Each structure stands twice: as C-alpha cells, then as structure tokens.
Amino acid sequence: MKILAVDPGQKNIGVAISDELGISTKPLTIIKHIKREIDAAQIAVIAAENNAKLIIIGQSLNEDGKPTFEGRRSARFAKALRAQTDLPVKLWDESYSTQDARQSYINMGVPRKKRRGHLDDVAAAVILQSYLENIK
C-alpha cells in the first residue's frame, strides 16, 4: 500500500511517497503554499495520481508532546485535506525532520552548494520513513 507524506510549511509543502510494500520512501515534489484549501486540493490530486491509500501529515510537537504553533497549523491542514479526499489522513510527529533531511544530504556527500535550497520533500520522506519504521 502506497503512503503519501506531507511536510507542510509556511512557504512550501514537501511531498514524499512510499513504495507499494511500505519499505522505502522517496521525495516526490514540492508545492508552493497558496491557501490551505487550495494546497489540500493539490495534495488530494497528488495522492490520487500516485494511488496512495493513506496520507501522513507531519506535525511538530513540543517536549510535552503537545502541538506547537506550527503543529496546530498542520492539524488545520489535515482537516482541510480530509474535506478534499476520502483517504485516511493521519498526523505524525515531524520533530527534527528538516535537520535529519539536511544530515542525510551530508551523509550522502552532497556538496554544501548543492545542499542549499528547499529540503521540504526530503523532510517529508524522513517523516514517512519514521512512520513506516514505527508501524513495523
């Protein structure tokens, strides 16, 4: 079953997808944030085009396990997405996903100049990998 992961941000939204077996993940795309409802509609289309059966949305939590300001924005995005699709939508802790994405680029030996720019789709893949490892 393919799973789509979303890393929502203030400017960009990273998207990643798993393989059919739910073993590996890959960054898929980055979309520009426009408006919550429009973004949700775009994610619903991407999920349908990729035959995803579940959508995971990254949500940042504080040290007490409660959603941060950005985490509450993710919850509102999840609500908007649920209105756009019949697929199940789950929130998943995204803590440190961007830092982990940056570190994975470093581990792969990507030069500093090429590491600049958006890591949103890679962060979405990190979130999805975390989810997959947790459900196994």
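The values are calculated or read from the model by the stated rules, or taken from the named source; none is laboratory data. Here the structure is a predicted model, which is why all the values come from computation and not from measurement. Here the Cβ positions follow ideal geometry from the backbone for every residue, glycine too, while neighbour counts run over all protein chains shown.
Worth pointing out:
- Residue in the range 1-35 that is surrounded by the fewest Cβ atoms within 10 Å (Cβ to Cβ), counting only those that are within 10 Å of the chain's Cα centre (by Cα) and of a type in the set (G, A, S): G9
- Annotation for the range 8-26: at least one member residue is modelled with pLDDT under 95, outside any loop (DSSP other than H, G, I, E, B), of a type in the set (S, T, Y) and in contact with a helix residue (DSSP H, G or I) (Cβ under 7 Å, 6 or more places away or on another chain).
- Some residue of the range 54-69 being out of contact with any strand residue (DSSP E or B) (no Cβ under 8 Å at 6 or more places or on another chain), at pLDDT 95 or above and in a helix (DSSP H, G or I): no
- Close pairs from the range 65-78: first in contact (Cβ under 8 Å) with a residue 12 or more places away in the chain, partner of a type in the set (D, E, K, R) and crowded, with 16+ Cβ neighbours inside 10 Å, Cβ under 8 Å, at least 6 apart: S74/E94; F77/D39
- Screening N51 on (1) within 15 Å of the chain's Cα centre (by Cα); (2) modelled with pLDDT of 95 or more shows it passes everything except condition (1).
- If you go through the range 1-24 and keep only what is β-branched (V, I, T) and in contact with a Phe, Trp or Tyr (Cβ under 9 Å, 6 or more places away or on another chain), you end up with I3, V6, I13.
- Boolean, D19 is out of contact with any Asp or Glu (no Cβ under 9 Å at 6 or more places or on another chain) and acidic (D, E): yes
- Flag for I38 being out of contact with any Pro (no Cβ under 7 Å at 6 or more places or on another chain), surrounded by fewer than 18 Cβ atoms within 10 Å (Cβ to Cβ) and modelled with pLDDT of 95 or more: yes
- Any chance A44 is under 21 Å from D93 (Cβ atoms) and among the aliphatic types (A, V, I, L, M): no
- Within the range 41-64, the set of residues being β-branched (V, I, T), surrounded by 15 or more Cβ atoms within 10 Å (Cβ to Cβ) and without any contact (Cβ under 8 Å) to a residue 60 or more places away in the chain comprises I43, I46, I55, I57.
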